[in-house]
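What follows draws every value from the coordinates through simple rules; no lab data is involved. Predicted model only: the values in this text are computed from it and were never measured. Note that each Cβ is placed from the backbone with ideal geometry, even for glycine, and that neighbours are counted across all protein chains shown.
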4 protein chains.
Amino acid sequence: MIKVGIVGGTGYTGVELLRLLAQHPNVQLQAITSRSEAGMPVAQMFPSLRGRVDLAFSEPSLDVLSACDVVFFATPHGVAMKQAPELLANGVKVIDLGADFRLTDLPTFEKWYGMPHSCPDILAEAVYGLPEVNRDAIRKARIVGNPGCYPTAVQLGFLPLLRAGLIDPAHLIADAKSGVSGAGRKAEVSSLFAEAGESFKAYGVNGHRHLPEISQGLTGMTTDKIGLTFVPHLLPMIRGIHTTLYGRLTRDPGSLQALFESTYANEPFVDVMPAGSTPETRSVKGANTCRIAVYRPQGGDTVVVLSVIDNLVKGAAGQAIQNMNLMCGLPETAGLTQIALLP
Amino acid sequence: MIKVGIVGGTGYTGVELLRLLAQHPNVQLQAITSRSEAGMPVAQMFPSLRGRVDLAFSEPSLDVLSACDVVFFATPHGVAMKQAPELLANGVKVIDLGADFRLTDLPTFEKWYGMPHSCPDILAEAVYGLPEVNRDAIRKARIVGNPGCYPTAVQLGFLPLLRAGLIDPAHLIADAKSGVSGAGRKAEVSSLFAEAGESFKAYGVNGHRHLPEISQGLTGMTTDKIGLTFVPHLLPMIRGIHTTLYGRLTRDPGSLQALFESTYANEPFVDVMPAGSTPETRSVKGANTCRIAVYRPQGGDTVVVLSVIDNLVKGAAGQAIQNMNLMCGLPETAGLTQIALLP
Amino acid sequence: MIKVGIVGGTGYTGVELLRLLAQHPNVQLQAITSRSEAGMPVAQMFPSLRGRVDLAFSEPSLDVLSACDVVFFATPHGVAMKQAPELLANGVKVIDLGADFRLTDLPTFEKWYGMPHSCPDILAEAVYGLPEVNRDAIRKARIVGNPGCYPTAVQLGFLPLLRAGLIDPAHLIADAKSGVSGAGRKAEVSSLFAEAGESFKAYGVNGHRHLPEISQGLTGMTTDKIGLTFVPHLLPMIRGIHTTLYGRLTRDPGSLQALFESTYANEPFVDVMPAGSTPETRSVKGANTCRIAVYRPQGGDTVVVLSVIDNLVKGAAGQAIQNMNLMCGLPETAGLTQIALLP
Amino acid sequence: MIKVGIVGGTGYTGVELLRLLAQHPNVQLQAITSRSEAGMPVAQMFPSLRGRVDLAFSEPSLDVLSACDVVFFATPHGVAMKQAPELLANGVKVIDLGADFRLTDLPTFEKWYGMPHSCPDILAEAVYGLPEVNRDAIRKARIVGNPGCYPTAVQLGFLPLLRAGLIDPAHLIADAKSGVSGAGRKAEVSSLFAEAGESFKAYGVNGHRHLPEISQGLTGMTTDKIGLTFVPHLLPMIRGIHTTLYGRLTRDPGSLQALFESTYANEPFVDVMPAGSTPETRSVKGANTCRIAVYRPQGGDTVVVLSVIDNLVKGAAGQAIQNMNLMCGLPETAGLTQIALLP
C-alpha cells in the first residue's frame, strides 16, 4: 500500500483527493494537514466522507509527512515550494496541485505569481504532470507540477493539431468556461450563489495565470512561436470545464476525426467523440476523462475543437492520482475508474 | 457472476442502474431492453457510459431475459406485472423499480394507479424491498417491489419513533422535497429547465401516489391507525430528496438521539448524524446512503426528523441493487460503496 | 417628491430598494451611505443600475440623512437603533429593514440578538410594518420595523385561520424554504455557489431569529397561547420563499377557500390562488405579491397553507416601500406594480 | 392608445411580450391567440400575470387581429408569412418575432428553413428590425422582421469594428452562449432541468439557423466578404446571452474603447462598459439593454468583444416593442425602462 499524505485538505481539490484516494485499492491515507482546522475530523467538514475517512486534520508536520510515500499539496501557490525540498530529501515523492512547479521559466513564474521562487533547483527537476505529453518523464519523477484545470483541457484539445502542424500557432484562440468550484472553497462575494447563479460572464480577459502555463505547454508541441488569446468565463454550475478552441488551418488537414482518434487511441483518459457529437461537461462529472470533438464548420479554414473535463478530477485531483500511479509503478488507471454521475 | 437484465433502460433509474452495475464486482450486464430505442448503443444515449458499457438496447425478449439470473424493471407501472410471471416461472429473480409490486392491497393499487392488477397471486408473494424493515424476507424473495423514493426517506425517518411508540400515529406530517430527476426523463413542460429552475412549489397536495405506499409501510411499524399528511415539493436541482417529518410526542421520549443511533447501529446504509447536524442532500449525491437527524425544538412536544437520500440511488437503483445483493447471497454492500460527489 | 435616503446600501435589500425606488414615480433618491464603499458609484457595484442611478455611496452623515423625508435602514441589527432617535428628532420618518424595531418585548430582543436595545422608548413607539395587519397604525407611524422575510410569508398564511379560530394555536408547524439571497451579500462559505447549489438542507432547527418574531405576530391574531415549530430550509435558488404551513382543525371550517378569499379580498398584494393551485415562487419573482393556496388533504383535520413571496420584495424592500407609501400618504401601490419575471 | 394583438402567446416570447405590454403606458392589449389553448385565461398558464392581464387566449381570427394597430407574431417560422399579407392589407402593422422576414435572400431562407417563402413581395418590403442599424427604415416600415437573439448580440458587438474597417471580415469568430429559455417552451428532453442543468455544451457547430442571419447583417457593415465561424452553446441558466467575439486587427485601431463609446453614444439601449469591465448577463436580466466591453489582450492583434443581452428582451420581446415604438411614433424607450433584476 502506498502511504499518502495531503497538505491543505480543506478545499475542493482536497476533498476530491480524499474521495478518490479513499476508494483507491493501493492507497492508505496517512495524514491530512490543515493549520486552521487541526483536530477537526475530516468527515465533520465534509459529511460525504462520514464512515469512509476517519482521519482528522492535523498540524502540518515534517515528521508525519516524511513517513509517507507520496505527499500531495492542495495548497495555494507558495506553500509547496517551501516544504518540498525537505520532503524530497527524505525520499518522499511530491505532487503539487498548486502552481509552484508548473512554469519552468523563473521570471514568468515571478511575474504572474508575484513572488520569488524559493527552490529553483527543484523547479528545474520537476516534471509537468500531463501524462498524455510527459508520461515517461512522470514515471521517473520525484516531483510533479500537476497541470491547472484550463491548461489540461486546452492542451489536450490543441495537441493533435499542433503536432501535425496543421494550424497557425501564432493565432490560437481558447474560449474557456469553468464551473464555480474552480474558484475554490473561499469565502468571496463573487462566488456566492446569488452572484454566480443564473448569470454568465468572462473574467481575466487581459491576463489569467493559466495563460503562460498553456503557452508553455503549447510551445512544446511545435517549433513555431505560440500566440494565444485565452478568455476564461464563469459558468453557473459547480463542476466542469468546457473549452472551445479555434485555429486557422494552414493546409488541407485530411480527416481531422482520424487524426484525433489516432492521437488518442491508446490514452485511457482521453475520449474522442464520434464526428458530429458535442461533449457535455456532465458526461465527465466525477470522472477522470477528457472528451473531445473536432469540427471544420462549413468546410472552411477554421478548425473548432471542443473539450470537456471535470475541473476537480482530470483538471486536478484525478490527474494528480494518475501521476501518482505512474510515479509509483501502479496501473495508470488504478482508483480512477469511476463512471461519471449523469444526470 | 450474476447475469443481469434491465427492462426499460432509457430513463434516469435505468442509466443509474447501468452506472452502478457496470462497477459491481459480481455482476455481468447481459441485456438492456427498450422497444423504442432497440439497436442504439446505450453509450450513445448516455455518453457518460462510453467505454464502460458496450451493450446496445435490444427488443424486449423473453428468451434473452430468461437467461438472466436477475431482471430489473425500470419501467412505468403496468409493465412489470405483465412480464414477471413468465420470468419467475423460468427461475429468474425479479426486482421492480416501478409500482406494480409495492401495494399489497389490491383495491388501493387499482384506485391510485387506475388499472387492474394482472397477477394478484404474484403480488401476494412479492416482498416490499426496504431492507431496514424486511431484510430476511428479501433474502428469500423471488420478486421484490422496490420502494418509491419518497417512501424510502419517510419510512426510515419515522421508523424509530413509531416502533418505540413515542408519537401519535394518527397525525403524522411529511413535508418532502425532491429534485427534478424524480419526475423522470420525460419530455414534459413542467420539467423544463426554464420552468423548474429558480423556483419552488408544492404539488400533489390533495393526493400523491406515494401516500398509500408510505401509509402501508408506516402501518407495519405500529399497531395503531396511521394518519399521514404528505406534501411533496419540487426542488430546483437534479438529484436528492429531503424530508422533514413532524410528529407529536405522546410521552417523554428520553434521548431521541440514542434511540435513532441504536435503531440504525448495524445498518450499512443509514447514517444517524450527530445531534445538531442538518443533513444536506449533496452529502449523499451518488451514494446509497440515507442520512438522518432528529430534533426536539425548544424541548417541546413536537419531534422533527430530517432525512436525505439520493432519489436515484437509495431511492431507486441503489436500493434495487441492495435488494439484489440480498436475494443473491452477495455481501449487502457489494457494488454500493461509492462516496458521494461533493461538491 | 419624497426625498429618500438609504443607510447601508451594499447588500441585496439595498440594491433592491434602489431598483424599486429608482422607478418610483414619487421618490427622489437623495443619499445612499456605506462606510466601507464611500465614494464608489452605486452603479459600479451593481451594473444593473448603470444609467439609472447616478448616486455614489457616501459616508453616513446625520446632516445628509436629516435632509430626507424618509430613511431606510438596510443594515444588520444594532445599527438602526443607534441612528434612529436623532433622525426622528429631526422629523425624518424611519423604516428599518433590520431587526431592531420588530420585537416589542425587550428581553426577547436581547435574548435572540445578544445585545441590549439602545432606545426602548422608540421601540415602544415603533409599528410592526405588516400592512395587512397594521395598516392604520403604519399610516400614522414615524418609525416602522419592517417584517422579516419568513415572518411575512408565515403570518399571511396563518392569519385567516387564526382570526377565525379554526386551528389549534398551540401546535402550529411552519416548514419554510428560502432562496440563498436571504443570507445576504456576505462572503461566507456556506453561501457559495459550490456549497448551496444542487443541494438542500434545513438549518436553525433548534431556534431561528425569526421564530420569536413570528410567534409575536401570530399571538396578535388569537387570544390563545401560540406554540410554533418553525423549520427553515435553504433552497438552491436566488430569490423566493415558500412556506408550507400545517394546522390542526378544531372544528368544521366550512369553505377554507372562501375564508381566505374574503380575508384578502381588498388586499392589493395578497393573491389567493384558485382551489387546487400550487403557487410557484417564480410567479412573484421581482413583484411585491404574496400568493397563497389553502388545502384540506383527504378532507381530514389537517389544514395546509402554501404561501410564496419574493424574499427581497414583499419580504424586504417592496414591503418597506409599501410602508413608506402608507406613512407618506401616497397610493399604497405606488412604485410597486412590476410584474414578476417569468420565466 | 395603440391597440395590440399577439399571435401565439403560449411561449416564452409571448409571455414576455405580455409582461412588457401590460406595463406599457401607450398600449392596450386587445387579443392574444392560441389555437391549442383557446378559452384559457392567459393568467392561468402564467400566474405571474394574475390580476394584471385579464385576456383569455382566443382562436386566431382575421377580424379580431385586423382591429389592432399592431400585431406581433410570436410563432414558429412559417406562420407569420401566411397571415401577414391580409393584415397589412387591412392596415395593420406587423412585427414578426419569428424568422419569416429576417433573411432577404429567398434561396437562403428556403435552404435554412426548409420551406418556400409564401410572400416574397412582402419579404422584399420588410425591414430588419435592429434599430441601431435600421432606425429610419423601421420608422417607416409596415412590417418588421425582428432579429434573432444571437444575431442581436453578435451584430451589436462587431458593428463598430466592421464599420471602422479595423478587422479582417473574412475570419470572424463568434463564440455564443445562451440560457435555456432560448430553446422555447417546448416539451423536449434536451431542455429538461435534469438534462440542461449543471452541464454545458456546444450545439449546432456545423450550422445554426442564426448563422446566415448574422452573416447578412455583418455584410451590411462592410464592403468586404464576411467569413464567420459561429459556435452556439447552451448555458445552465434560464435567461441571458453572452457572446465572445474575436477579430483580427488589420491596422492600428487607436482607442477601441473610444470607438465603441462614440458609436453607441446616443443609443438608449446599448451600454458600453468602462474599460476592463466584464458584463454579466444578470446585469440585463429583464431589461432591454445590450452591455458591451472591448479588449485587446496583451496589446496583440486580436480584438475581443463581450456583449450580453436578455435573450427574451433585447433578443426578442423588448426589441419588438422598441420597433413598435418606432413604427408608431412613440418615444423609443416607452414601456422599456425596467431595471434589470439583480440578484
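What to note about this one:
- Residue-count net charge about residue A:179 - beta-carbon cut-off 10 Å; Lys, Arg +1, Asp, Glu -1: +1
- Those aspartates and glutamates that a straight Cα-Cα span of less than 13 Å connects to residue D:225, excepting residues fewer than 8 apart in one chain: D:168
- Beta bridges per DSSP, both residues in the protein assembly as shown: antiparallel share near 45 percent.
- 9 Å beta-carbon shell around residue D:50, net charge (K/R +1, D/E -1): +1
- Mean sequence separation of contacting Cα pairs (under 8 Å, at least six apart), scaled by the length of chain B, corresponds to a relative contact order of 17 percent.
- Taking the Cα centre of the protein assembly as shown as reference, the dipole from Cβ charges on Lys and Arg (+1) and Asp and Glu (-1) amounts to some 0 debye.
- The alpha-carbon positions of the range C:227-333 define a convex hull whose volume is 131 Å³ per residue.
- Farthest positive-ward along the range A:150-311 dipole, Cα basis, beta-carbon charges - from A:244, A:256, A:216: A:216
- Here chain B is treated as a sphere whose radius is the Kirkwood value from Cα pairs; by Stokes-Einstein at 37 °C and 0.692 mPa s it diffuses with a coefficient of 161 µm²/s.
- Label distances, nm, residue A:51 versus same residue in remaining copies, Cβ-directed 7 Å point: 3.1, 4.8, 5.6
- Scanning chain C for the beta carbon that comes closest to the axis linking it by rotation to B yields C:175, 2, distance in whole angstrom.
- Pairwise centroid distance, computed over Cα atoms, of the range A:39-94 with the range C:167-218, Å: 36 Å
- Sorted from closest to farthest, the other copies place their residue D:63 label points 6.5, 7.1, 9.6 nm away, with each point set 7 Å from Cα along Cα→Cβ.
- Size of electric dipole in chain A: Cβ of Lys, Arg +1 and of Asp, Glu -1, about Cα centre, debye, nearest 20: 340 debye
- Computed log₁₀ I(q)/I(0) - Debye formula, equal Cα scatterers, no solvent, the range A:2-125, q 0.13, 0.14 Å⁻¹: -0.52, -0.59
- Signed unit charges on C-beta, dipole axis of chain D, positive-most listed residue D:200, D:94, D:157: D:200
- Ranked by how many other Cβ atoms sit within 10 Å of their own Cβ, fewest first, the residues B:40, C:237, A:81 fall in the order B:40, A:81, C:237.
- Largest-first principal axis extents, alpha carbons of the range B:273-340, Å: 46, 22, 18
- Sequence-distant lysines (8 or more away, or on other chains) whose Cα lies within less than 25 Å of residue B:93: B:3, B:82, B:140, B:314
- Put a plus charge on the Cβ of each Lys and Arg, a minus charge on the Cβ of each Asp and Glu, and nothing anywhere else: the dipole of the range B:1-118 about its Cα centre is then about 260 debye.
- By the Stokes-Einstein formula, at 1.002 mPa s and 20 °C, the range D:105-153 with its Kirkwood radius over alpha-carbon pairs has D equal to 181 µm²/s.
- Relative contact order for the range D:150-311, counting Cα pairs under 8 Å that sit 6 or more residues apart, in percent: 31 percent
- Relative intensity, log₁₀ I(q)/I(0), of the range B:150-309 from a Debye sum that treats every alpha carbon as a point, q = 0.09, 0.17 Å⁻¹: -0.29, -1.00
- When the Cα atoms of the protein assembly as shown are aligned to their principal axes, the ranges along those axes come out at 86, 80, 64 Å in descending order.
- Helix-only arithmetic for the protein assembly as shown: the sum of -39500 (n - 2.57) across DSSP H runs with n ≥ 4, divided by the residue total, places the mean residue ellipticity at 222 nm at -8000 deg cm²/dmol.
- Shortest-first nm distances, residue B:136 label point to equivalent points in other copies (7 Å, Cα→Cβ): 6.5, 7.0, 9.3
- Here, the range B:115-235 yields an orientationally averaged convex hull projection of 9.4 nm² when only Cα atoms define the hull.
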